[in-house]
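Here is the structure we will look at, set down as structure tokens.
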């Protein structure tokens, strides 16, 4: 360190008179600028005091914001005005010295890295190889607790729900759904008994028409599902096939289900096929029937519900 | 006192030599250099308000009965995360102000980063030797977006919970490993076993802020090492920096600016309601509200998801949800890859390998400027597309019309923007005296009725530009009488 400082030529520090134009304040009327800064800072102080009073007296959010905001704004404006209008206006200059090294210095450090390293690793290839293998092994096993401990493997969990043969339809409160619960145009979110509120089981039950047991079933434009409805009721998975949002909006006039997230629209009477938007697949349909006056599932869903994933066939 | 402290520190750290250089560091005077400061001070506000919030927020999905002072929620079963967020809003003094200021600060933080980045782009400040700092900045933008999303998700309210559900489905869409990633991150099938809020919390309050804070230190360290860029002008060359010194002028201005930035954020936080989670209610996976919208910085991704056609690919026993994977995984990946690589990509076209310390005027680089404007317009169109439903309602047209309009204009408008911007740049370059500050003309009428025009007096600072720049002086000679003439002494009397 001492060598460096003796070798370095000490440049004379520049000295300037206070009346040098570079030292003049930016403002043409410094007195007025100072007056503005004084007023701003006094407002700032009052604002801060006002915040303190507001806090103790009322804790009213808007007044706290106004007092503290005006306080900081006043102080900030005052300091900025001081710096901008009352300090030396310059212009001042700073030389920019190239910070890159000479070609020789670059060559020297490159040589130091490659030659020293080359000699050490070249002579002890075994040690180098073992250390590389060891580091790799550490990296791999460190990933086990870091990643694998985080959660279970998916297994079949994305393929199944808790809907089974004869699962009873219940509301989110766990109340069984009676055949007279919905009028035409009504919708209800239902779950299998014992799983109320469960995310993958959420199912939307709609009543399209008021049909009796002897009436022909709802005519859904989806082949093979004519007996999946009961008394004008139809049930679909409520989980959007796009990104899993609940398909919570029912447009009764057009008999469509709408997902509020990205506006996919499903045609209820055509087996909930997506008519519009980014959803790629129909909502899976839950086959239902009436048992002792209450609605139950004929069977679980015949396909995975919700958005697509790689393992889905 | 100061003398003793400096000496004490200098004996131990040798601060005097480099310290003087630091005090004399020159900051160019241009308003656009202030945009990054907004981001920096928003980050300061985020840390300060965030520490306050962390004293009251409980990162837990555990179900409790709400007993706080917000009557409509009393007696409802909610998660501790939701209950504590409502609690710190209503039952902690100044809590609502701090919480809303935190949310506003996050929105302003990312907004100022975006505008700052545009300034760097259009003036060519990313060119050699500053490519590294560009990469650090883009990384902070990306981490800031991620951390914003994480923080927005923490209160466990209906709107943010829907956002987490969407994030899960996006992760699930990744080929081969998607469902594994989702299960590992959430601790099981959605909504997981209650670990997602504590996991998001530790990422949001510790890991990402530490990384962002470290990158800010690198960002500013590189700035000091490489020194500022500057616009061309009188006395400004590739080998110097002209402006005001760090101490005292810049310190005063930037301290004031920090206070003013904080003040604006506090005023927003107290007067402009943001994210009223007590109106949304607790998140339940089977419930949804009508207007589901993310914070503004996620809008471009939401828009891309909305206008993407439903191109699911199914084959060989597998499903590839391209309608999600392309807009929500591949597209942001390409976006940030492209941003990171931009300095290198531009070099491919310009073959310009030189070091640049003087900035470009955007009009002087019409192709880059036009391309940047087109890119901004592209992302803005995607952002606008995240409100297709609102537009359909507002303009009373069908969703179908809005959707197809966006599918077309998201590509067409950027192309138009390119050519229009290119033309504007070229016309500006051809015009005389453009970009120079014009002196006002004062027209006066004499008592005989004759009109005369004179140039107005220079505005404060105008005459400073006509001075030659000098190194930052010391003030050893305090009065002109004591001043001795000699080498390195400038003496100008007025």
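Every read-out reported here was derived from the displayed coordinates using simple, explicitly stated rules and does not represent laboratory data. Quick caveat, the model's predicted, so the values are computed rather than measured. Neighbour counts run over all protein chains shown; Cβ positions are idealised from the backbone, glycine included.
Values as computed for the structure displayed
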| read-out | value |
| --- | --- |
| Peptide A:77-86 - average C-beta neighbours from other chains (10 Å radius) | 6 |
| Paramagnetic reach from residue A:101 (point 7 Å along Cα→Cβ, amide N under 11 Å) across segment B:121-164 | none |
| Estimated FRET transfer efficiency (residue A:289, residue B:314; beta-carbon r; R0 35 Å; 0.05) | 0.70 |
| Cα gyration tensor category, rounded, prolate or oblate, for segment A:65-104 with a/c compared to 1.5 | oblate |
| Anisotropy class of chain A from Cα gyration tensor, a/c 1.5 cut | oblate |
| Debye log10 I(q)/I(0) at q = 0.12, 0.16, 0.23 Å⁻¹ for segment A:61-178, Cα point scatterers | -0.85, -1.04, -1.23 |
| Average projection area in nm² (convex hull over Cα atoms of segment B:268-331, one quarter of hull surface) | 6.8 |
| Peptides ranked, highest mean first, by Cβ atoms within 10 Å: ranges B:325-335, A:225-235 | A:225-235, B:325-335 |
| C-alpha long axis of helix A:30-57 to longest principal axis of chain A, angle in ° | 40 |
| Chain lengthening between residue B:432 and residue B:354 when straightened (0.36 nm per residue, less Cα-Cα) | 25.2 nm |
| Space enclosed by the convex hull of the alpha-carbon atoms of chain B, per residue, Å³ | 272 |
| Value of D in µm² per second that Stokes-Einstein yields for segment B:333-388, Kirkwood Rh from Cα pairs, at 4 °C (1.567 mPa s) | 98 |
| Neighbour-count order for B:225, A:289, fewest beta carbons within 10 angstrom listed first | B:225, A:289 |
| For residues of A:20-28, the mean tally of beta carbons on other chains within 10 Å | 6 |
| Estimated translational D of segment A:190-254 in µm²/s (Stokes, Kirkwood radius over Cα pairs; 25 °C; 0.890 mPa s) | 183 |
| 20 Å tail of the calculated P(r), segment B:267-386, as % of Cα pairs | 65 |
| Cα long-axis angle, helix B:399-430 against chain B (0 to 90 degrees, to the nearest 10) | 10 |
| Percent of Cα-Cα distances greater than 14 Å, calculated over segment A:141-181 | 69 |
| Principal axis dimensions, the protein assembly as shown - Cα atoms, whole angstrom, descending | 115, 92, 58 |
| Label-point separation in nm, residue A:148 to residue B:177, each point 7 Å along Cα→Cβ | 1.5 |
| Shielding of B:391-401 by partner chains, average beta-carbon count, 10 Å | 1 |
| Antiparallel content of DSSP bridges confined to the protein assembly as shown, in %, to 5 | 90 |
| Projected label distance in nm at residue B:401 and residue B:203, using a 7 Å step from Cα toward the beta-carbon | 4.1 |
| Packing-based ranking, highest mean first, of A:72-79, A:160-167, B:388-395, B:370-377 given that Cβ atoms within 10 Å are counted | A:72-79, B:370-377, A:160-167, B:388-395 |
| Relative contact order (%) - criterion: Cα under 8 Å, at least six apart; region: segment B:49-120 | 29 |
| Kirkwood hydrodynamic radius (C-alpha pairs) into Stokes-Einstein, segment A:76-129, 25 °C and 0.890 mPa s, D in µm²/s | 149 |
| Segment B:296-350 - convex hull of the alpha-carbon atoms, volume per residue in Å³ | 118 |
| Rounded FRET efficiency, nearest 0.05, which uses the C-beta distance separating residue B:466 from residue B:142 and R0 of 45 Å | 0.50 |
| Residue B:446 paired with residue B:65, simple spin-label distance in nm, labels 7 Å along Cα-to-beta-carbon | 9.4 |
| q = 0.11, 0.21, 0.27 Å⁻¹, segment A:141-216: log10 I(q)/I(0) [Debye, one scatterer per Cα] | -0.45, -0.97, -1.21 |
| Convex hull of Cα atoms in segment A:107-247, direction-averaged projection (nm²) | 17.3 |
| Residue exposure sequence - B:234, A:238 - by fewest surrounding Cβ within 10 Å | B:234, A:238 |
| Order of B:250, B:126, A:144 - criterion: other Cβ atoms within 10 Å of each residue's Cβ, fewest first | A:144, B:250, B:126 |
| Dimensionless Rg/Rh of segment A:199-313 - Kirkwood Rh, Rg from C-alpha atoms | 0.96 |
| Cα gyration tensor, segment A:245-313 - rounded (a/c under 1.5), prolate or oblate | oblate |
| Cα-only Debye scattering, segment B:186-342: base-10 log of I(q)/I(0) at q = 0.18, 0.21 Å⁻¹ | -1.49, -1.50 |
| Packing-based order for B:46-59, A:241-254, using average beta carbon neighbours within 10 Å, highest first | A:241-254, B:46-59 |
| Average projection area in nm² (convex hull over Cα atoms of segment B:208-257, one quarter of hull surface) | 4.8 |
